Amino acid sequence: MIKIENISKSYGSVKALKGISFEVQKGELYGLIGPDGSGKTTLFRILTSLLIPTGGKAVLNGFDTVKDYRSIRKMVGYMPERFSLYMDLTVIENLTFFATVFNTTIHENYHLIKDIYQMLEPFKNRRAGDLSGGMKQKLALSCALIHKPDILLLDEPTTGVDPVSRRDFWEMLKNLQKTGLTTLVSTPFMDDAALCDRVALIQNGDILTIDTPTGIAGKYPHKLWKIVSENNYRTLKVLESFNERVSAFSFGNSVHLSTGMQTSKEDIQEHLLKNHVNIINLEPIPAMIEDVFMELMSGNKQQL
């Protein structure tokens with residue numbers, strides 16, 4: 001459904017995308033996961049025919065994003081990173097406008113947005129600029145769906161919204177997937193990756209790895225430990241001299257330490273206690289996508 005072949009994009013000497021390739025199958029919910037500045041938005045603008053790539057090509061449902069840009073714009077629903085609807089128009093006016101642009105009506109395609117619009121309906125006469133972040137998000141998704149697209153492209157749709165709205169949004173995407181809609185969604189949140197069928201991890205314009213969420217987590221090549229102490233900064237400094245240490249990073253209120261497979265809990269305890277670190281909890285844990293991403297960023301791509 002979406003085929004990206006060796007796409008690159010440069011802005012002068014800055015290489016935003018470095019010859020990336022991947023495919024999204026029909027009906028798939030596919031995640032492009034990476035931090036800000038990794039190239040996600042540049043790729044989405046190429047896929048929506050708003051940018052011309054420096055090299056390579058992208059094909060959506062058989063249409064080239066450069067040669068067939070008019071067809072691309074009719075078949076794609078696009079929700080950009082920033083809220084880009086008309087702030088002075090009401091909810092219903094925005095929906096009517098976007099339906100009219102695509103020569104359709106709200107009534108004709110209401111079944112596509114029914115579940116989402118029911119949450120918006122109490123505010124249908126409120127100006128878009130006066131909506132909450134979560135409601136703006138729902139309105140933008142409704143406007144992206146109102147012309148019955150074959151492919152949905154969502155660029156960081158949950159950035160800046162509360163956790164409840166974020167969870168609700170992913171439930172909406174799962175429900176839309178049941179209708180056969182193909183969705184490519186980008187996000188900087190690693191935990192969002194677990195909700196996708198497959199994910200591509202991207203950093204500095206390069207694809208680091210592609211697999212199912214479980215498959216990516218299963219590639220972690222080391223033994224992983226979670227350490228909770230009274231002072232994470234001191235723990236990290238002390239672990240720098242631990243001979244069995246492969247890497248150590250701060251994760252929330254804990255430290256994730258990766259070691260060789262033969263390292264024991266007693267080995268770590270002995271080193272920390274010898275250096276006067278007060279351990280609250282120390283336990284082995286399964287790797288998550290964040291851990292794999294940090295491993296890839298550290299340059300150990302060949303091990304995965």
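All of the numbers you see were taken from the coordinates with simple rules; none came from a lab. In this text the structure is predicted, and so the values were computed from the model without any measurement. Cβ: placed from backbone, ideal geometry, glycine included. Neighbour counts: every protein chain shown.
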So who's got an amide H within less than 5 Å of the one on Leu51, skipping anything under 5 residues away but keeping other chains? H placed 1.01 Å off N, in plane. Ile46
So what is the calculated 222 nm ellipticity per residue for the chain, using -39500 (n - 2.57) for each DSSP H run with n of 4 or more, over all residues, to the nearest 500 deg cm²/dmol? -9500 deg cm²/dmol
Charge-dipole axis of segment 223-286 as Lys and Arg at +1 and Asp and Glu at -1 on Cβ define it, positive-most pick from Leu236, Asn278, Gly260: Leu236
Spin-label model distance (nm) - Ala194 vs Asp130, 7 Å beyond Cα toward Cβ: 4.0
What lysines does Lys226 reach when the alpha-carbon gap must be under 18 Å and sequence neighbours fewer than 8 apart in one chain are set aside? Lys237, Lys265
Quick one: check the C-alpha center-to-center distance for segment 17-36 versus segment 229-304, whole angstrom. 30
Report which label in [x] -0.40, -0.82, -1.12; [y] -0.34, -0.75, -1.04; [z] -0.23, -0.61, -1.05 holds the value of log10 I(q)/I(0) by the Debye sum over Cα atoms at q = 0.07, 0.11, 0.14 Å⁻¹ derived from the coordinates of this structure. [y]
Ordering 254-266, 147-159 by per-residue average of other C-beta atoms within 10 angstrom, highest first, gives 147-159, 254-266
Restrict the search to segment 216-264; then list the GluC sites (Glu not before Pro) that DSSP places in a loop and that have at most 11 other Cβ atoms within 10 Å of their Cβ. Glu230, Glu240
Give me the percent of DSSP beta bridges within segment 2-217 that run antiparallel, rounded to the nearest 5. 55
Can you spot the lysines whose alpha carbon is less than 18 Å from Lys9's alpha carbon? Ignore those fewer than 8 places along the same chain. Lys18, Lys40, Lys57, Lys67
Do you know the relative contact order of the chain, to the nearest whole percent, from alpha carbon pairs under 8 angstrom that are 6+ apart? 20
Estimate the FRET efficiency between Glu171 and Lys226 by the formula 1/(1 + (r/R0)^6), using the beta-carbon distance for r and 25 Å for R0, to the nearest 0.05. 0.30
Compute the distance from the alpha-carbon center of segment 61-81 to that of segment 104-151, in whole Å. 21
